[in-house]
Structure formats: structure tokens, C-alpha cells
Amino acid sequence: MSAIYILWLRELKRYTRSRSQMIASLGQPLLYLLVLGFGLGPVFKRAGAGNYLQFVAPGVIGMSVLFTSIFSGLGILWDRQFGFLKETLVAPVPRIEIMIGRTLGGATVAVMQGLLVTVVCLLAGFRPANFLAVPIALGFMVMIAVLFAALGMAIGSGLQDMQGFQLIMNFLVMPIYFLSGALFPLTGLPVALSYVTKADPLTYGIDGMRSALLGQSAFDPRLDFAVLAVVGCLLLALGAYRFKKIEV
């Protein structure tokens with residue numbers, strides 16, 4: 001049986017077995033959706049920008065996919081601590097297969113988490129403009145998951161212990177989310193902030209989902225797709241290289 005399939009299945013089983021983790025991981029998206037969606041809704045409406053819950057829902061879904069996918073890559077630290085990583089690396093299979101299997105497993109889990117948050121958004125009142133475009137939004141969700149699972153693998157391969165985890169959270173993951181336009185429109189921004197948001201790959205993922213679900217976008221959806229594809233390939237290559245050099 002292929003190592004890619006085995007590791008993909010392992011990540012999937014680990015996620016489905018931990019029901020408490022599945023439920024707990026919905027806490028932060030719910031907080032953003034309900035507090036911001038309903039709390040800032042009147043302000044957003046008075047500004048003439050429409051329904052804020054509709055606007056912020058794709059950003060909340062993107063947040064869930066981002067966090068789950070990148071932390072799946074950082075799970076290497078737990079495997080290193082408990083010895084599973086060493087057992088995996090000494091197996092007679094190419095390391096590239098191990099890396100791909102873990103990345104695809106983490107990405108699959110992230111997409112499943114994103115679908116759960118999508119259901120929560122629908123229950124809260126979010127409605128796509130065109131349900132026929134939902135598969136397109138799912139495609140963007142998959143690209144976000146693969147991209148950031150590969151980034152998590154690249155980062156996790158270079159960390160030796162959990163001490164660097166909080167730094168990654170504070171100085172990488174949160175800025176990626178807050179600068180992606182998930183919580184605010186990308187139009188009319190100051191020049192410096194505009195350049196920063198355009199350098200954030202999550203910006204294009206959320207913009208692509210927003211285009212598919214709401215028919216609103218700051219960029220051409222083809223540009224969103226192209227940027228995610230190119231950056232995803234680069235991060236997969238980087239993750240494979242760093243994982244190949246990993247030492248236990």
C-alpha cells in the first residue's frame with residue numbers, strides 16, 4: 001500500500017476520532033462569525049456596504065481552513081516528541097511520499113473543517129448568491145488547504161520543539177489571516193496596506209471564495225486561481241526540500 005495513502009488515512013482517522021477536537025475547533029470561527037457578523041453588521045450596513053454577515057462568512061471559512069491546515073504541518077513536532085516521526089522516517093519509502101501523504105492528509109482535514117464551518121455559516125443566515133458556484137468555492141478551499149498544509153510542513157520540519165509554536169502563531173498565522181481581507185474590503189485601502197494584502201496568498205483564496213459565493217471580488221478569479229496554484233507549487237517544493245533534510 002502506498003505510503004502517501006497510509007499517511008493520508010492516518011491524518012483522517014486522527015481527526016475523525018477526536019470529536020471533542022472537532023467541536024472545540026469551531027469555537028473561534030463561531031466567535032468571529034457571530035460577534036463580528038452581527039456586532040458590526042449595523043455599522044457595515046450604514047456605510048452602504050450591505051450585509052456584513054454575508055461578507056465575512058467566506059473569510060471565517062478561510063480562517064478555519066488556514067488554521068487547521070497549517071497546524072497539521074506543525075503536528076510534526078508532536079510526532080517528533082513521541083517518536084512516531086523517527087519510526088516513519090526509517091521506513092523504506094522515499095521521504096517525498098511521506099511529505100505528500102502528510103500534506104494531503106492535513107489538507108483533507110482542513111477542507112472537512114471548512115465544510116463544517118460552512119454549515120454553521122448557513123445556519124447563522126449566510127446564503128450564497130448562486131448555489132451552483134459552491135463547487136468553485138470548494139476548489140478554492142482545497143487550494144488554500146494544500147498551500148498552507150505545505151507551509152506548515154516546511155515550518156515544522158525546521159522546528160525542534162514546541163517553543164517556537166507561539167512565535168509562529170503570533171508572527172505568521174495571525175498576520176496572514178488579518179491581512180487577507182477576510183474581515184474588511186480590499187478596496188479603498190491605504191497604499192502600504194494594499195501592497196501588503198496583495199502579498200498575502202490567503203487574500204486570493206478568500207477573494208476567490210467570495211467571488212464564487214457572493215459574486216463579489218477585488219481581483220479577477222483567474223488571477224486568484226493562478227496565484228494560489230503558483231504559490232502552492234512553490235511551497236510544496238519548499239516543504240519537500242525541508243522535509244528531506246529533517247533530522248530526528
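Give F140, F148, F178 a once-over and let me know the one that is without any contact (Cβ under 8 Å) to a residue 12 or more places away in the chain and on the phi < 0 side of the Ramachandran plot.
F178
Looking at this structure, is A226 of a type outside the set (S, T, Y), assigned to a helix (DSSP H, G or I) and closer than 27 Å to G75 by Cβ?
Answer is no for this residue.
Given the criterion farther than 30 Å from I98 by Cα, surrounded by fewer than 22 Cβ atoms within 10 Å (Cβ to Cβ), at pLDDT below 85 and over 14 Å from the mean Cα position of the chain (by Cα), identify the matching residue among L223, L183, L159, L214.
L183
Restricted to the stretch 121-142, and to residues that are among the aliphatic types (A, V, I, L, M) and under 17 Å from N51 (Cβ atoms), which residue is surrounded by the fewest Cβ atoms within 10 Å (Cβ to Cβ)?
The extreme case among them is L123.
Please find, within the stretch 26-74, the residue that is modelled with the highest pLDDT out of those that are surrounded by fewer than 20 Cβ atoms within 10 Å (Cβ to Cβ) and of a type in the set (G, A, S).
Of everything passing the filter in the stretch 26-74, G27 is modelled with the highest pLDDT.
The values are calculated or read from the model by the stated rules, or taken from the named source; none is laboratory data. Keep in mind that this is a model prediction, so the values were computed, not measured. Every residue, glycine as well, gets a Cβ built from its backbone with ideal geometry; the counts of neighbours run over all protein chains shown.
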